[in-house]
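Engineer: A single structure is presented below for examination.
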Amino acid sequence: MLAALYYLNQAMTADSIQNELQAIRNASLYRSLRRVENDQGPTLMLDGREVINFSSNNYLGIANHPALAEAAKKAIDRYGCGSGASRLISGNMTLHEELETKLAAFKGSEAALVFNSGFQANTGILSTLAGDGDAILSDALNHASIIDGCRLSRAKTIVYAHGALHQLEEGLKQVTSARRKLIVTESIFSMDGDEAPLGGIVELAEKYDAMVMVDEAHATGIFGTNGAGVVAKLGLAERVAVQMGTLGKALGGFGAYIAGSCALRELLINRCRSFIFTTSLPPAVMAMAIAAIDLVEREPERREILWKNCRALQEGLKNLGFSPGESQSPIMPIIIGDVTKCMQFSERLLEKGVFAQGIRPPTVPPGTSRLRITLMATHTRDHIDRAIEAFRQVKEKS
Ligand SMILES: Cc1ncc(COP(=O)(O)O)c(C=O)c1O
């Protein structure tokens, strides 16, 4: 009898999962994993064929740099592989603190704290800093981890139109009685590559007594004179309460950080659930990040080459009649609109050896499906010319 109930329950579960999968397929939103068989360079062995990689956030091309690999190996030899526990138990190792000291100096902040991923950082910080009785004002194009952080916090959340300072101000006027007000924005938007109006945001925050949190996931390592990000580039470090960024994109490793005051660091250590209740990052990952920051500071020429590559591809695509955006960032969206057409365009490029991932809802708003092209400092002129030629051929046939 029990066994029969068990099998009935299994069958019903399988049916409901299949139904949901079919609905995803029907909406052309079905996703599957592609397999990379080599290291993360400008070319990839993708599902058995060589393609030029225009779909990575490894903007400086250092994810496979020997200096990072060497640092990781040495850390394993000295400290072993795992950290064994969360930071507040026995997992707070020398390298965590060394990296945090380095990050604070890099970002020009009083203190820094490392997180296991950007997703965990955003959900954790927002739900620590805001709760019942507080208000969060969030840009409409903020990343899923910020959206989820707002939801988790239970604070009143006002979503303002992308980059619209007047709407942000209207929102701030609506929440004057909130206990704490927090404005959250990305500095370089992950799917559009444009820059937030941080100067205006900071001014509004000061006018309405709000805190500012900036997600520098796509700016860390590549903006500002030392690569610290857009906040540093604009000289706003002292006026932004929380700078968050990732170690897994331009820094080529894994994990995330926040930079801010010592008090913020202390509060997160005491209250932030995604910091407290998780095993800390292993020593090798910390050592890689330390080596990556050294590289970023020591080799500004990587950023110069990246910008040169961006200009070359942007110009080539514009000459073909595409609109890759005007902003200077390594993220170039080519908006196609329709989901099916977008994925077809991406597949046709892939057939020509160019990997430019199609991005669909819910990652981007409905009707704005796009190819998200990303540049790396390690792309050569030949890679860029071959991409432009592939775009020309696919456009001609579509
Ligand atoms: C803007 C932004 N914030 C946060 C994250 C999450 O970072 P991580 O990949 O380290 O979890 C991403 C990653 O895609 C992102 O684009």
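The values are calculated or read from the model by the stated rules, or taken from the named source; none is laboratory data. For clarity, every value in this text was computed on a predicted model and none was experimentally measured. Note that each Cβ is placed from the backbone with ideal geometry, even for glycine, and that neighbours are counted across all protein chains shown. Note: areas computed on protein heavy atoms with side chains; ligands, DNA, RNA excluded. Shrake-Rupley method; radii C 1.70, N 1.55, O 1.52, S 1.80 Å.
Engineer: Which ones in region 256-280 are crowded, with 24+ Cβ neighbours inside 10 Å, in contact with a Leu (Cβ under 7 Å, 6 or more places away or on another chain) and over 21 Å from Lys181 (Cα atoms)?
Structural biologist: Ala256, Tyr257, Phe275
Engineer: Of all residues being open to solvent by 10 Å² or more (accessible area, probe 1.4 Å) and in a loop (DSSP other than H, G, I, E, B) in region 96-132, which is farthest from the ligand (Cβ to nearest atom)? Just the residue, please.
Structural biologist: Here the residue is Asp132.
Engineer: While we're on this one: Are any of the residues in region 94-107 over 26 Å from Tyr59 (Cα atoms) and either among the aromatic types (Phe, Trp, Tyr) or in contact with a Ser or Thr (Cβ under 8 Å, 6 or more places away or on another chain) (or both)?
Structural biologist: Looking for residues that are over 26 Å from Tyr59 (Cα atoms) and either among the aromatic types (Phe, Trp, Tyr) or in contact with a Ser or Thr (Cβ under 8 Å, 6 or more places away or on another chain) (or both), one finds none in region 94-107, hence no.
Engineer: Here's something else I'd like to know. Looking at the structure I just gave you, is Gly149 away from the ligand (no atom under 16 Å from the Cβ), open to solvent by less than 10 Å² (accessible area, probe 1.4 Å) and of a type in the set (Gly, Ala, Ser)?
Structural biologist: On the way: away from the ligand (no atom under 16 Å from the Cβ): no; open to solvent by less than 10 Å² (accessible area, probe 1.4 Å): yes; of a type in the set (Gly, Ala, Ser): yes.
So Gly149 fails the test.
Engineer: For Asn309, all conditions in the list (1) open to solvent by less than 30 Å² (accessible area, probe 1.4 Å); (2) more than 30 Å from Leu103 (Cα to Cα); (3) in contact with a Lys or Arg (Cβ under 9 Å, 6 or more places away or on another chain); (4) assigned to a helix (DSSP H, G or I) hold save one; what is the number of the exception?
Structural biologist: Result: Asn309 passes all but (2).
Engineer: Evaluate region 51-72: report whether one residue or more is over 23 Å from the mean Cα position of the chain (by Cα) and either within 16 Å of the ligand (Cβ to nearest atom) or without any contact (Cβ under 8 Å) to a residue 60 or more places away in the chain (or both).
Structural biologist: yes
Engineer: While we're looking at this one, here's another question. When the residues of region 26-56 are filtered to those that are surrounded by 10 or more Cβ atoms within 10 Å (Cβ to Cβ) and basic (Lys, Arg), which remaining residue is nearest to Arg370 (Cα to Cα)?
Structural biologist: Arg34
Engineer: Hey, another quick one. Does at least one position in region 263-281 carry a residue that is within 12 Å of the ligand (Cβ to nearest atom), farther than 12 Å from Glu110 by Cβ and part of a loop (DSSP other than H, G, I, E, B)?
Structural biologist: yes
Engineer: Another question, if that's okay. Would you check if Ile188 is over 24 Å from Pro365 (Cα atoms) and within 16 Å of the ligand (Cβ to nearest atom)?
Structural biologist: Values: over 24 Å from Pro365 (Cα atoms): no; within 16 Å of the ligand (Cβ to nearest atom): yes.
Against the criterion (over 24 Å from Pro365 (Cα atoms) and within 16 Å of the ligand (Cβ to nearest atom)), Ile188 does not qualify.
Engineer: If you take the residues in region 231-241 that are buried (at least 24 other Cβ atoms within 10 Å of the Cβ) and not in a loop (DSSP other than H, G, I, E, B), which one is farthest from the ligand (Cβ to nearest atom)? Full working, then the answer.
Structural biologist: As a first pass, look at region 231-241 and keep what is buried (at least 24 other Cβ atoms within 10 Å of the Cβ): 231-232, 240.
Filter once more, so that each one left must be not in a loop (DSSP other than H, G, I, E, B): 231-232.
Details: Val231: 14, Ala232: 17 Å.
The qualifying residue farthest from the ligand (Cβ to nearest atom) is Ala232.
Engineer: Sticking with this one: Could you list all residues from region 133-146 that are of a type outside the set (D, E, K, R), open to solvent by less than 10 Å² (accessible area, probe 1.4 Å) and more than 14 Å from the ligand (Cβ to nearest atom)?
Structural biologist: Ala135, Ile136, Leu137
Engineer: Looking at region 192-217 only, could you name the residues that are touching a Pro at 6+ places or on another chain (Cβ under 8 Å) and either β-branched (Val, Ile, Thr) or open to solvent by less than 10 Å² (accessible area, probe 1.4 Å) (or both)?
Structural biologist: Once the filter is applied, which keeps residues that are touching a Pro at 6+ places or on another chain (Cβ under 8 Å) and either β-branched (Val, Ile, Thr) or open to solvent by less than 10 Å² (accessible area, probe 1.4 Å) (or both), region 192-217 yields only Gly193.
Engineer: While we're here: Looking at Ala250, Ala228, Ala217, can you tell me which residue is in a loop (DSSP other than H, G, I, E, B), touching a residue at least 40 places away in the same chain (Cβ under 8 Å) and closer than 20 Å to Ser127 by Cα?
Structural biologist: Checking each option against the conditions leaves just Ala217.
Engineer: Which of the residues belonging to region 41-50 are free of Cβ contacts under 8 Å to residues at least 60 places away in the same chain and not aliphatic (A, V, I, L, M)?
Structural biologist: The answer is Asp47, Gly48.
Engineer: Quick check, is Ile388 at pLDDT 95 or above, within 26 Å of Ser187 (Cβ to Cβ) and of a type outside the set (Ser, Thr, Tyr)?
Structural biologist: no
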